[in-house]
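Visitor: To start, I am sharing the structure in question, which I have written as structure tokens.
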Amino acid sequence: MITARVWRERRQRYLNEAARCKGCGRIHFPPRQVCDACRGSDFEAVRLAETGKVLSWSIIRVPPPAFAQEAPYAVAVLEMDDGARMMAQVADVAPEEMRTGMRVRLEFRKIRQYGRTGIIAYGHKAVPVA
């Protein structure tokens, strides 16, 4: 795990913070320097909506070694209720139960464990809304 990267991404990874363009109101996740809607460069920090829906998804059956114990698992492009889009692993759902349009909410969970030191990385996963 690269410490500088974790430090730089901590607000998005741990607080689910996005950027709202002050010019047009579009929300970007992860935050960026230039708005792709109006080309503005003035942003304010906002917290993403905690619920949304699945736009597209894929089942990972042959994962990288760090995620081998989780296979098969779903990864989805989500559209949050505030309009922001993001990609996340979908947990607590069998591959055959995945559906486009499925309602999900974000939960803060363990993502992976690094090497022999056992450093744990946390982040958000999507789970189905009952």
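Visitor: Which members of region 37-74 meet the condition of being assigned by TED's automatic domain parsing to the domain that holds Ile119 and aromatic (Phe, Trp, Tyr)?
Guide: Across region 37-74, the qualifying residues are Trp57, Phe67, Tyr73.
Visitor: Of the residues in region 32-53, how many are crowded, with 17+ Cβ neighbours inside 10 Å and either of a type outside the set (A, V, I, L, M) or out of contact with any strand residue (DSSP E or B) (no Cβ under 6 Å at 6 or more places or on another chain) (or both)?
Guide: So the count comes out to 4.
Visitor: Then there's this: Could you tell me which of the residues Ala49, Ala68, Ala37, Ala19 is among the small types (Gly, Ala, Ser), part of a strand (DSSP E or B) and at negative phi?
Guide: Being among the small types (Gly, Ala, Ser), part of a strand (DSSP E or B) and at negative phi holds for just one of Ala49, Ala68, Ala37, Ala19, which is Ala19.
Visitor: Let me ask you something else. Quick check on this structure: which one of Val77, Val34 is assigned by TED's automatic domain parsing to the domain that holds Glu17, in contact with a Ser or Thr (Cβ under 6 Å, 6 or more places away or on another chain) and at pLDDT 95 or above? Let's see the steps before the verdict.
Guide: Numbers: Val77 fails: assigned by TED's automatic domain parsing to the domain that holds Glu17.
From the options Val77, Val34, the qualifying one is Val34.
Visitor: Which members of region 79-92 meet the condition of being part of a loop (DSSP other than H, G, I, E, B) and buried (at least 19 other Cβ atoms within 10 Å of the Cβ)?
Guide: Hit for region 79-92 is Ala84, nothing else.
Visitor: Which residue is farthest from the chain's Cα centre (by Cα), if the candidates are limited to region 93-126 and must be assigned to a strand (DSSP E or B) and of a type in the set (A, V, I, L, M, F, W, C)? So that I can check it myself, show each step before the final result.
Guide: Taking region 93-126 as the starting set, the residues that turn out to be assigned to a strand (DSSP E or B) are 103-114, 119-126.
If we keep only those that are of a type in the set (A, V, I, L, M, F, W, C) as well, we get 104, 106, 108, 111, 119-121, 126.
Numbers: Val104: 12, Leu106: 8, Phe108: 10, Ile111: 11, Ile119: 20, Ile120: 17, Ala121: 14, Ala126: 8 Å.
Step by step, filter region 93-126, then rank; the result is Ile119.
Visitor: From Arg61, Arg39, Arg85, which residue is touching a Gly at 6+ places or on another chain (Cβ under 9 Å), within 24 Å of Ala121 (Cβ to Cβ) and modelled with pLDDT of 85 or more?
Guide: Arg85
The values are calculated or read from the model by the stated rules, or taken from the named source; none is laboratory data. Keep in mind it's a predicted model, so treat the numbers as computed, not measured. Don't worry about glycine lacking a Cβ; one is built from the backbone with ideal geometry, like all the others, and counts go over all protein chains shown.
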